[in-house]
Amino acid sequence: MAKGTHDYQPDARNADIKINVNGELLPRADAKISVFDSGYVLGDGVWEGLRLHAGGLPFLDQHLDRLYEGAKALDLDIGLNRKQLTARLVETLRANQMQDGVHIRLMVTRGVKSTPHQDPRFVIGSATVVIIPEYKTPLPATVEQGIRLFTVHVRRGAPDVQDPKLNSHSKLNCVLACIQASKAGYDEALMLDPHGFVATCNSTHFFIVRKGEVWTSTGKYCLGGITRANVIRLCREHGIPVCEKDFSLTDVYGAEEAFVTGTFAGLVPVTEIDGRMMGDGKRGPMVQRLQQLYMELVQQESKQSPRV
């Protein structure tokens, strides 16, 4: 069974990578944080997943927008401005002599506490900023043959409980959704919103294709996905009807195609949901077209982004 869209082929080069911890480049085995860190104690922090493609960082501005907006919402001072954080990313990648096929986990927590307690006033230092670059590319079989989804009982919550717009370290509801789908023998979880409409997946965003139209959720109960937004943009620029709307599992089961989006794997077809085959169970023509358009956009954005 695949590990969802994030499954990858292990790369021996990752044993020797240098990880950036608060500006210090450390060997993988020596990269550590305190057990009193807010991220470890409480999941108090925000993060981004980025890709290095052909020496560039596509969609970096969009990722930094989301990171800094999330930090502001959490009243978390990153301690670095966008220019400084970008320079640290580039420095880390250059130190590892990386150019392509790299996934980067950028993590920011509130910092070390004097004692394990949720109150931010117990923080005794500055934010913890960690950058982990790894040679990781999606499996070709996943991108071509797709994944299987299972609708779980764990819902995406309302913003007055824990706002799903926050890309926070606190992901327990998504972890529980992933576990339920895995226990049922599927690759990822499809999650509903509080009203029973389709919201998103545990780690990706969800789309269906019905009669030539591309549908996705309203976005009210899911993270502001970078790849999701770019796919919607591509549809509009290329004359593909696209809408953000409420729709039910009945609409999903009757769709001709389905796919998910995310920074790591881009667009991945969904071939089965809750035991129902999607279309003919293979990657459909709309998904193939959007995959091509998205890769062209990634290449274009990489050339215009900060260079490594």
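Out of HIS205, HIS238, I need the residue that is touching a residue at least 40 places away in the same chain (Cβ under 8 Å), touching a helix residue (DSSP H, G or I) at 6+ places or on another chain (Cβ under 7 Å) and farther than 26 Å from ILE179 by Cα. Which one? From the options HIS205, HIS238, the qualifying one is HIS238.
With respect to being surrounded by 16 or more Cβ atoms within 10 Å (Cβ to Cβ) and within 29 Å of LEU60 (Cα to Cα), GLY239 falls outside the description. Among residues of region 257-280 being part of a loop (DSSP other than H, G, I, E, B) and touching a residue at least 60 places away in the same chain (Cβ under 8 Å), the one that is surrounded by the fewest Cβ atoms within 10 Å (Cβ to Cβ) is ASP274. Cβ-Cβ distances below 6 Å connect the following pairs, each with a first residue in region 97-125 that is within 30 Å of PHE264 (Cβ to Cβ), a second residue that is in a loop (DSSP other than H, G, I, E, B) and among the small types (Gly, Ala, Ser), and a separation of six or more residues or different chains: GLN99/GLY55; ASP100/ALA54; VAL108/ALA127; GLY111/GLY125; GLY111/SER126; GLY111/ALA127; VAL112/SER34; VAL112/GLY125. Close contacts from region 290-308, counting a first residue that is in contact (Cβ under 8 Å) with a residue 12 or more places away in the chain and a second that is assigned to a helix (DSSP H, G or I) and among the β-branched types (Val, Ile, Thr), with Cβ to Cβ under 7 Å and a gap of 6+ residues or different chains, come to LEU290/VAL231; TYR294/VAL231; PRO306/THR86; PRO306/VAL90; VAL308/VAL90. Please indicate, with yes or no, whether at least one residue in region 247-256 is crowded, with 21+ Cβ neighbours inside 10 Å and out of contact with any His (no Cβ under 7 Å at 6 or more places or on another chain). Yes: one or more hits. Condition (residue is part of a loop (DSSP other than H, G, I, E, B), outside the structural domain of ALA265 (by TED's automatic domain parsing) and without any contact (Cβ under 8 Å) to a residue 12 or more places away in the chain) applied to region 72-81: is it met by at least one residue? Yes: one or more hits. Does region 190-206 include one or more residues that are of a type in the set (Phe, Trp, Tyr), buried (at least 24 other Cβ atoms within 10 Å of the Cβ) and in the same structural domain as ASP251 (by TED's automatic domain parsing)? Yes, some residue in region 190-206 is of a type in the set (Phe, Trp, Tyr), buried (at least 24 other Cβ atoms within 10 Å of the Cβ) and in the same structural domain as ASP251 (by TED's automatic domain parsing). Reported count of residues in region 1-32, each being hydrophobic (A, V, I, L, M, F, W, C) and touching a Gly at 6+ places or on another chain (Cβ under 8 Å), is 1. The test for being surrounded by 18 or more Cβ atoms within 10 Å (Cβ to Cβ) and under 21 Å from the mean Cα position of the chain (by Cα) does not hold for GLY111. Assigned to a helix (DSSP H, G or I), under 16 Å from ILE226 (Cα atoms) and within 22 Å of the chain's Cα centre (by Cα): is that true of GLU48 in this structure? Considered against the rule, which asks whether it is assigned to a helix (DSSP H, G or I), under 16 Å from ILE226 (Cα atoms) and within 22 Å of the chain's Cα centre (by Cα), GLU48 comes out as no.
The values are calculated or read from the model by the stated rules, or taken from the named source; none is laboratory data. Since this is a predicted model, take the numbers as computed values, not measurements. We place every Cβ from the backbone using ideal geometry, glycine too, and count neighbours over all the protein chains shown.
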